[in-house]
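**Student:** Let me give you the structure first, and then I'll get to my questions.
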């Protein structure tokens, strides 16, 4: 269906929005910027729209219909995570969006499946402590809905803003995925070249956490620390998403900085050690390496 401006319509549901429909629209708008977003439940508009996502009760990629609310849903993945609209759109257009199936598959596993699972009421978000729960990207999108008893105009304006934010986030997620996949071989190469496999040294900053967690030997990483030219030693974790180090830095270093840390360690350019003992800084690469070596003794 074409509107009065001669643009194809992308139809999605009206009312409150969720990460599923927001990200679906963000992805399709990136692929086809000409699309005019119409938020509706009018069956006539839905029937004639070029694309339909998260409404209409139909999944047919050949006809560009991407809903999952129909009886029986829209199928599930091999790992049993059911598809929501974002997953259906991504399955059809993800590789085109990213310019690479490998990158699209990475994003599928690290973002899309989570969005789909939550939209289908699958899985569980567990508290990080007591009744304190993580604030997720999904929470952020949901919180962009208008507050109070407002009309369609306010929902539609808020939806436009949410799509704009989601589009920026999705683009950056693609860049991050490409960076990680390109860096993975360099991370493994640095590990292989390390004389002491417990200390892996990088001359550049890499997203190494999800690579080294799969290897038993690494305990500490030495890497560039900041724009100020410092270097740091960082503890490796079996799960980068919790705060349990394979081996903490020494307790006596906790919270120490400058002269006090220099006196304790004997490293002349030592700068700071975090009081949670997961990272410490020195002014030079050699100083950071020395701190890592001392941490074993």
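Condition check ((1) surrounded by 14 or more Cβ atoms within 10 Å (Cβ to Cβ); (2) assigned by TED's automatic domain parsing to the domain that holds residue 134; (3) at pLDDT 95 or above; (4) within 19 Å of residue 190 (Cβ to Cβ)) across all residues:
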{"position": "225", "(1), (2), (3), (4)": "yes, no, no, yes"}
{"position": "244", "(1), (2), (3), (4)": "no, no, no, no"}
{"position": "252", "(1), (2), (3), (4)": "no, no, yes, no"}
{"position": "268", "(1), (2), (3), (4)": "no, no, yes, no"}
{"position": "290", "(1), (2), (3), (4)": "yes, no, yes, yes"}
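**Student:** Still on this structure, I have one more. Suppose we keep only residues that are surrounded by fewer than 17 Cβ atoms within 10 Å (Cβ to Cβ) and in contact with a helix residue (DSSP H, G or I) (Cβ under 9 Å, 6 or more places away or on another chain) within region 179-197. Which one would you say is farthest from residue 246 (Cα to Cα)?
**Tutor:** Once the filter is applied, the top-ranked residue is 181.
**Student:** Something else about it: Of the residues that sit in region 130-154 and are touching a helix residue (DSSP H, G or I) at 6+ places or on another chain (Cβ under 9 Å) and over 21 Å from residue 13 (Cβ atoms), which one is surrounded by the most Cβ atoms within 10 Å (Cβ to Cβ)?
**Tutor:** 136
**Student:** Follow-up. Can you tell me which residues in region 110-129 are loosely packed, with under 12 Cβ neighbours inside 10 Å and not in a loop (DSSP other than H, G, I, E, B)?
**Tutor:** Across region 110-129, the qualifying residue is only 129.
**Student:** Oh, and also: Collect the residues in region 27-61 that are more than 17 Å from residue 7 (Cβ to Cβ) and part of a helix (DSSP H, G or I), keeping them in residue-number order. Write out each step before concluding.
**Tutor:** Residues of region 27-61 that are more than 17 Å from residue 7 (Cβ to Cβ), as a first pass: 27, 41-44, 47, 54-61.
Listed by number, the residues that qualify are 27, 43, 44, 47, 61.
**Student:** Return yes when residue 201 is closer than 23 Å to residue 176 by Cα and touching a helix residue (DSSP H, G or I) at 6+ places or on another chain (Cβ under 8 Å) and no when it is not. Lay out the reasoning, then the answer.
**Tutor:** Numbers: closer than 23 Å to residue 176 by Cα: yes; touching a helix residue (DSSP H, G or I) at 6+ places or on another chain (Cβ under 8 Å): yes.
Spelling it out, residue 201 is indeed closer than 23 Å to residue 176 by Cα and touching a helix residue (DSSP H, G or I) at 6+ places or on another chain (Cβ under 8 Å).
**Student:** A further question follows. Tell me which residues, restricted to region 261-297, are assigned to a helix (DSSP H, G or I) and under 21 Å from residue 228 (Cα atoms). Spell out the reasoning first.
**Tutor:** Within region 261-297, the subset assigned to a helix (DSSP H, G or I) is 261-265, 285-295.
Selection gives 261, 262, 285, 286, 287, 288, 289, 290, 291, 292.
**Student:** Something else about it: Could you tell me which residue of region 71-97 is nearest to residue 123 (Cα to Cα), considering only residues that are in contact with a strand residue (DSSP E or B) (Cβ under 7 Å, 6 or more places away or on another chain) and either part of a loop (DSSP other than H, G, I, E, B) or at pLDDT below 95 (or both)? Please lay out each step first, then the result.
**Tutor:** Going through region 71-97, the residues in contact with a strand residue (DSSP E or B) (Cβ under 7 Å, 6 or more places away or on another chain) turn out to be 73-74, 76, 82-83, 85, 88-89.
If we keep only those that are either part of a loop (DSSP other than H, G, I, E, B) or at pLDDT below 95 (or both) too, we end up with 73-74, 83.
Numbers: 73: 17, 74: 18, 83: 13 Å.
Result: 83.
The values are calculated or read from the model by the stated rules, or taken from the named source; none is laboratory data. Computed from a prediction, not measured in an experiment: that's the story for all the values here. Neighbour counts run over all protein chains shown; Cβ positions are idealised from the backbone, glycine included.
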